[in-house]
Amino acid sequence: MRKNNIDSMWTKGLSLMCVVNFLLYASVFMVIGALPLVKAEVVVRVIPFFLLGGLLAGPFHAYLADTFRRKHVLLWALAGIGLTMATATYIREAWYVWVALLQGVCLALAIGAGTTISIDITLSGHRTSGNMLFASCGRIGMVAGMVAGVWMWSHYSLTYLTYLSAACGGLALVLAALVYVSFRAPIGVSLCSADRFWLPRAWVPALNMAILAYALGVGGVSLMERVGVDSFVWVLPLLPIPALTPMVVKMFVKLSHHCQRATGNMTFNLAVDFGFLAGVWTACYMETASPMLIDAAALMEGTLALALLMYVFVTRIYYKRKRVR
């Protein structure tokens, strides 16, 4: 029976979307993983604009997917990521912040549209399992991308790294184009809304995950700088993110009402991405700051402890009281 359930969930469309999500995160995070080693000052400048791009795009998710079809939104967002990555090394450094802003917009739109499509093409009885699988592929791609980015930078050059990143985005675009998505007539949604962007009911676990991801972002980058690129010990702080993803995504889904599943998934991604990138930014800022205000290891340990205590004494209790599925 269990095997039959897995077989009925694992369709061609969902398989393709899982690979697309893996490639999407790998494309973006292989550059983010290498940038702290190339020039920490650039990371300090561009990450706030990258995060701002994601926030600016968020309220328009539902409107764009309803007006222009969710698959078209995904394809254009993937094309934007591929093009910006391919041309990143040919623009002036002063323009990096605007490229980061555009990439943040494209990533947010691609995640939102991709999540919606992965839900729509999965049978209703298997959607929670499909959500867990789809999100896990993205988080594995995030870690794999950072590893590939560091390896590429240490053996080749940043130019080749951006080409590889663009190639991942291009392959994701091709595979996404092969996914059949049935036509759905527009239902007429408002231009700006929290739909498919932020689930207020899940703010407590979202904050908890953001704190945890922040600690892991600080720990991974600071350890990378300490042990060097030849040792992949720095990957260890990143592994809890894909490991915990299935359990946490299920929590967000169970906090969402009917037709809020995509919003719950997007809230999870928003919390993890923002928390992790804020941690990367902090680690790079601490490297450039003189004198250093606090030790990175102490900061990581403190925020990890805070995330654990919050889960035990706040999030777990909140979840049991507020879950609706």
Rounded to a whole number, what % of the accessible area of the range 104-229 do carbon and sulfur atoms account for, probe 1.4 Å?
69 percent
Let me have the relative contact order for the chain, percent, based on Cα pairs under 8 Å that are six or more residues apart.
27 percent
Of G33, G149, G228, the most mobile residue in a GNM of the chain (C-alpha springs, cutoff 10 Å) is G228
In the chain, which Cys residues have no partner Cys with a Cβ closer than 4.7 Å?
C106, C168, C192, C259, C284
Distance between Cα centroids, the range 214-245 to the range 90-118: provide it in whole Å.
24 Å
Taking the chain as a Gaussian network, Cα atoms linked when under 10 Å apart, which of H257, H126, H155 shows the biggest mean-square fluctuation?
H155
Surrounding charge for R70, neighbours by C-beta under 13 angstrom, Lys/Arg +1, Asp/Glu -1, total +1
Please find, in a Gaussian network model of the chain (springs between Cα atoms separated by less than 10 Å), the residue of N265, N208, N21 whose mean-square fluctuation is greatest.
N208
Enter the accessible area of D66 (Å², nearest 10), with the probe set to 1.4 Å and all protein chains included.
30 Å²
Can you tell me the mean projection area, over all orientations, of the convex hull of the chain's alpha carbons? Units nm², please.
16.6 nm²
Please work out whether the range 143-198 counts as rounded, prolate or oblate from its C-alpha gyration tensor, where a ≥ b ≥ c are the square roots of the eigenvalues and a/c under 1.5 means rounded, while otherwise a/b larger than b/c means prolate and anything else oblate?
prolate
Given the rule -39500 (n - 2.57) for each run of at least 4 DSSP H residues, summed and divided by the residues of the chain, what is its mean residue ellipticity at 222 nm, to the nearest 500 deg cm²/dmol?
-25500 deg cm²/dmol
With a length cut of 24 Å (Cα positions projected on each helix's long axis) and a Kyte-Doolittle mean of at least -1.0, go through the chain and give me the DSSP H helices that pass.
12-38, 40-57, 70-87, 96-120, 127-155, 158-177, 203-227, 261-288
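The values are calculated or read from the model by the stated rules, or taken from the named source; none is laboratory data. Remember, predicted model here, so these are calculated numbers, not experimental data. Positions of Cβ are generated from backbone atoms using ideal geometry, with glycine treated the same way; all protein chains shown enter the neighbour counts. Keep in mind that these areas ignore ligands, DNA and RNA; they rest on the heavy atoms of the full protein, side chains included. Shrake-Rupley method; radii C 1.70, N 1.55, O 1.52, S 1.80 Å.
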